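The values are calculated or read from the model by the stated rules, or taken from the named source; none is laboratory data. Predicted model only: the values in this text are computed from it and were never measured. Methodologically, a virtual Cβ is constructed for each residue, glycine included, from the backbone with ideal geometry; neighbour enumeration extends over all protein chains shown. Just so you know, the surface numbers come from the protein's heavy atoms only, side chains and all, with ligands and any DNA or RNA stripped out. Shrake-Rupley method; radii C 1.70, N 1.55, O 1.52, S 1.80 Å.
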Amino acid sequence: MLTKFQPNQTYSLTALNGHRSNGRATESDIQDLIAQGAASIAEKDPDIKAFTSQIPLADVGRNFDLPLLGLPVGAKDIINTSELPTQHGSTIYEGHQPRADAAIVRLVKRAGGQVAHKTVTTEFAFLQPNKTRNPQNLNHTPGGSSSGSAAAVASGMLPFAIGTQTGGSIIRPAAYCGTFGFKPSFDALPTVGTKTFSWSLDTLGLYAPSVPDMHLFWSALMQSAEPLRTPDKPLNLGILQPNVWGEASADAQEAIAKATEAWVSKGVNATTIAWTDLYSQAFDAHKTIHDYEGCRALAWEMDVHPDKLSPVLMECLSEGRFVTRTAYLEAQQIAERARRALARTQDTVDVIITPSAPDVAPETLNSTGTSIFNRFLTLMGVPCIHLPAYQTESALPIGFQLVGKSGQEDRLLSAADYLWRAL
């Protein structure tokens, strides 16, 4: 039996604003919030281990006139930062200090945020686990590869963090750690200055403690004033059961059924979306594209430092060497056909719901879990957001992802906000 999960929102800017009569926190409020977060880091991070490095607290909180108000932001440690080392979760880059910020870091700074923390990543954002633990239960995986970013926000140590997704590395850690994870459309956020694994799949994404906070973070980065909107007509919800639906646990399936039932009782229209053979082909095409590009993007590391790569990564890169150019181009063509087919289907619904992960976070520190419920959607390039709606009897969070139309992030966030409040 699932019960409602309460995500940690102690470091929520929108909650703080809501407690003020004029709807806006004061500079003193912000400084108190930053100090509270720093105390939380001192208390929790020795166990959670979400960070690789950070700047002094005294350098945070100096842009009160800009949208992000000087608040600290975590950046996954494959994102170049001129003020902090960028080590890609690998001993090859131990102590590596970039001279320039990645484009996403400059967007944060232009919006008034401070990239004050580098967050732990798996090795080159692949599958080899790193040191981060799950804040809900330290014996369970936090997921990968954006483990540090998800754990930092889920535990209330940071208000915002940035990760990346090539398979399922935004949505799955959000699901396992119990926070809100948002993967925008492919290329919506610039990957310049971020370590490449797959130039066709790598997608920057965001973590925040609530949908309104996510909207604030997204809007600040995009320099957009588009507000969250309540739907002016009943939403049409599409329920997608992919080819790996049988891998979804009873709890994962119940989370979708329970949420859908609540929404339908409030006027939402729900229909089932058919999974097609073309979608299955695209699911398989993800690996072809992923491995082909990965062994080329990491060619230097593979050829010069093979002894410093994990066996799981080396296996993937080695497999990529045997993917022919013809197979790669065929996979890209399948992906494009599937994108067009999905877009036609999405014309009939406002938002799609599907599992974020097969189950709660596995009880292991030797695996980051599986991205089988994420790969297809990453390849499709569509925006997705994880909602941490429920918890199991073990008190571990379980939710689902909502999927929007390509390039329509604001509509997805508005729908997610409405549906979250309607649970």
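Numerical summary
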item	result
Selection from segment 11-36 of residues that are at pLDDT below 95 and touching a Gly at 6+ places or on another chain (Cβ under 8 Å)	Asn17, Ile30, Gln31, Ile34
First in segment 7-33 and β-branched (Val, Ile, Thr), second anywhere and loosely packed, with under 12 Cβ neighbours inside 10 Å, Cβ under 9 Å, 6 or more apart	Thr26/Arg20
Any chance Val153 is open to solvent by less than 20 Å² (accessible area, probe 1.4 Å), at negative phi and in contact with a helix residue (DSSP H, G or I) (Cβ under 6 Å, 6 or more places away or on another chain)	no
Residue in segment 371-380 that is over 16 Å from the mean Cα position of the chain (by Cα), modelled with pLDDT of 95 or more and open to solvent by 30 Å² or more (accessible area, probe 1.4 Å) present	no
Residue among Tyr418, Tyr328 that alone is open to solvent by 10 Å² or more (accessible area, probe 1.4 Å) and in contact with a Lys or Arg (Cβ under 9 Å, 6 or more places away or on another chain)	Tyr418
Residue check for Asp47: of a type in the set (Asp, Glu), out of contact with any helix residue (DSSP H, G or I) (no Cβ under 8 Å at 6 or more places or on another chain), within 21 Å of Gly178 (Cα to Cα) and open to solvent by 30 Å² or more (accessible area, probe 1.4 Å)	yes
Every pair of residues 6+ apart whose Cβ atoms lie under 9 Å, when the first sits in segment 315-342 and is without any contact (Cβ under 8 Å) to a residue 12 or more places away in the chain while the second is in a helix (DSSP H, G or I) and among the acidic types (Asp, Glu)	Phe322/Asp291
Any chance Ser356 is part of a loop (DSSP other than H, G, I, E, B), open to solvent by 10 Å² or more (accessible area, probe 1.4 Å) and modelled with pLDDT of 95 or more	no
Odd one out for Tyr93 among (1) more than 20 Å from Leu204 (Cα to Cα); (2) open to solvent by 30 Å² or more (accessible area, probe 1.4 Å); (3) touching a helix residue (DSSP H, G or I) at 6+ places or on another chain (Cβ under 6 Å)	(3)
Residue that is least open to solvent (accessible area, probe 1.4 Å), among those in segment 50-82 that are of a type in the set (Asp, Glu) and more than 25 Å from Thr191 (Cα to Cα)	Asp59
Residue selected from segment 60-105 under the condition charged (D, E, K, R) and in contact with a Pro (Cβ under 9 Å, 6 or more places away or on another chain), by the criterion farthest from Lys308 (Cα to Cα)	Asp77
The one condition in (1) surrounded by fewer than 24 Cβ atoms within 10 Å (Cβ to Cβ); (2) on the phi < 0 side of the Ramachandran plot; (3) within 15 Å of the chain's Cα centre (by Cα) that Thr364 fails to fulfil	(3)
Selected residue (only one of Val351, Val323 is buried (at least 19 other Cβ atoms within 10 Å of the Cβ), at pLDDT 95 or above and more than 21 Å from Lys287 (Cβ to Cβ))	Val351
Subset tally (residues that are under 19 Å from His290 (Cα atoms), open to solvent by less than 20 Å² (accessible area, probe 1.4 Å) and either of a type in the set (Val, Ile, Thr) or at pLDDT below 95 (or both)) for segment 171-193	1
Elements of type helices (runs of 4 or more DSSP H) in segment 232-312, at least 3 residues being buried (at least 17 other Cβ atoms within 10 Å of the Cβ) and of a type in the set (Ser, Thr, Tyr)	277-297
